[in-house]
Amino acid sequence: MIVKRRGKLEIIADILRSIQNKEGKIKPTHLLYKSNLSHAKLMEYVDILLEKGMIEERLVKGKKMFFMKDQGHKFLLEFERIKEFSDSFGL
Amino acid sequence: MVFESVPYGPRSYVFSPKWFYGFDSIIEFIAVIVSILLVYYSYRCFRLTKENKYLYFSTAFLSITLAFIAKIIGTLAIYKPVITRTALGSTIHQTFTSLTPYSINAIALIIHFFFMLLGFMILFLIISKLSWKNQRVIVLLVYFVFLATWISVIHYQLFYVTSFVILLLVTYSYYQNYMEIKSEKARFVLIAFGILLVSQAFFVFVIYSKTIYVLAELIQLLGFIYLLIPFILIFKKKPKRVK
């Protein structure tokens with residue numbers, strides 16, 4: 001079976017989906033496990049998401065956690081619409 | 001009814017029964033709206049993802065939009081010749097004195113043939129996953145579009161037969177896509193193209209009966225409505241909010 005490499009947007013969507021599936025907040029270790037990326041690569045993407053305001057970093061009981069923001073929800077919805085459009089019209 | 005404005009030159013065709021005059025233009029206007037929605041959204045997808053497949057899809061439907069606009073103008077020139085007496089119409093008429101409603105209709109139909117075939121061909125190229133690496137194949141197919149348009153000017157049926165053949169291939173690709181994706185929206189796209197395919201088959205025989213033209217137009221309308229359904233379903237999707 002040929003495994004297609006994920007594009008940049010797909011990786012971002014996968015990261016956001018992982019956070020969304022965990023009720024909108026996730027620990028960095030869980031995110032690393034769910035995103036299927038190396039630590040360095042994940043941090044690169046986390047920086048992008050923080051910069052674009054899609055997620056935010058907060059301390060909960062002294063532990064770092066990532067929270068999904070409205071911008072992240074909007075991106076994920078738009079990405080899923082594009083994917084459905086692409087699949088439905090055979091693109 | 002076939003009107004020949006220039007011997008062996010472009011012909012003017014009106015297949016509609018008199019009572020249906022204008023209704024076909026409304027149907028084509030609905031097709032224009034659906035096509036514009038697809039052009040707009042696929043171009044937006046291209047802007048967001050920078051993936052060329054969306055740009056090509058947008059171009060295909062832009063071509064189909066132009067084709068329908070040309071047909072609307074061409075038929076309205078015959079249905080409502082009073083348009084030529086409006087300020088804009090009379091200015092055009094004074095500039096191009098040889099333009100009669102029939103010659104406008106004939107020219108508009110050539111534009112309709114060309115852009116419709118080009119749109120369907122681009123659609124076929126995208127869903128066949130042909131890339132620019134297959135340049136020679138693409139050039140050859142575009143040449144066939146020119147050739148088919150040229151011959152269609154004399155034998156209009158060739159246009160509908162060619163559209164039918166391209167749409168048959170497009171529909172088959174959408175059938176394969178549906179078998180792979182198995183989604184409700186992919187099924188609607190398959191049904192839409194299947195219906196448009198049937199409408200093209202009806203259009204081939206419009207010369208024999210005006211009723212066939214009415215049926216073909218109504219089937220075409222149904223096809224475009226079905227094409228709109230998956231689009232609406234995609235946009236009905238609500239954002240998932242976390243408390």
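Odds and ends about this structure:
- Loop sites in region B:141-198: trypsin sites (Lys or Arg not before Pro), DSSP, at most 10 other Cβ within 10 Å: B:Lys182
- GNM top mover of A:Met68, A:Met54, A:Met43 - chain A, alpha-carbon springs below 10 Å: A:Met43
- Gyration tensor (Cα) of region B:25-83, equivalent ellipsoid semi-axes in angstrom: 30, 9, 7
- CD proxy at 222 nm, helix term only [per DSSP H run n ≥ 4: -39500 (n - 2.57); per residue of chain B; nearest 500]: -26500 deg cm²/dmol
- Separation of alpha-carbon centers, region B:50-72 and region B:114-146, rounded to whole Å: 13 Å
- For region B:167-241 versus region A:41-59, the spacing of their alpha-carbon centroids is 42 Å.
- Taking the C-alpha atoms only, the angle from helix B:23-49 to the longest principal axis of chain B is near 40 degrees.
- When you restrict to C-alpha pairs under 8 Å that are six or more residues apart and normalise by the size of region A:8-84, the relative contact order lands at 33 percent.
- GNM flexibility winner over chain B from B:Val170, B:Val161, B:Val32 (Cα, springs under 10 Å): B:Val161
- Two-decimal log10 I(q)/I(0) for the protein assembly as shown, as the Debye equation yields it once each C-alpha is a single scatterer, q = 0.13, 0.14 Å⁻¹: -0.98, -1.08
- Overall dimensions of region A:8-84 as given by Cα atoms, namely Rg and Dmax in Å: 11.6, 40
- Qualifying chymotrypsin sites (Phe, Trp or Tyr not before Pro) for region B:151-214 [loop in DSSP, other Cβ within 10 Å: at most 13]: B:Tyr208
- FRET efficiency, A:Glu51 to B:Lys236 (Cβ-Cβ, R0 41 Å, nearest 0.05): 0.85
- Where the Cα pairs of region B:11-236 fall when distances are cut into 10 Å bins, in %: 8, 31, 35, 19, 6, 1
- Within the listed set B:Gln157, B:Gln220, B:Gln135, the Gaussian network model of chain B (springs between alpha-carbon atoms below 10 Å) gives the highest mean-square fluctuation for B:Gln135.
- Taking label points 7 Å from Cα along the Cα-to-Cβ direction, A:Met43 and B:Trp19 give a separation of 7.8 nm.
- Residue separation of B:Thr211 and B:Ala87 scaled by 0.36 nm, minus their Cα-Cα distance, works out to 41.1 nm of gained length.
The numbers here are math on the coordinates, done by the rules we state, and not lab data. Quick caveat, the model's predicted, so the values are computed rather than measured. Every residue, glycine as well, gets a Cβ built from its backbone with ideal geometry; the counts of neighbours run over all protein chains shown.
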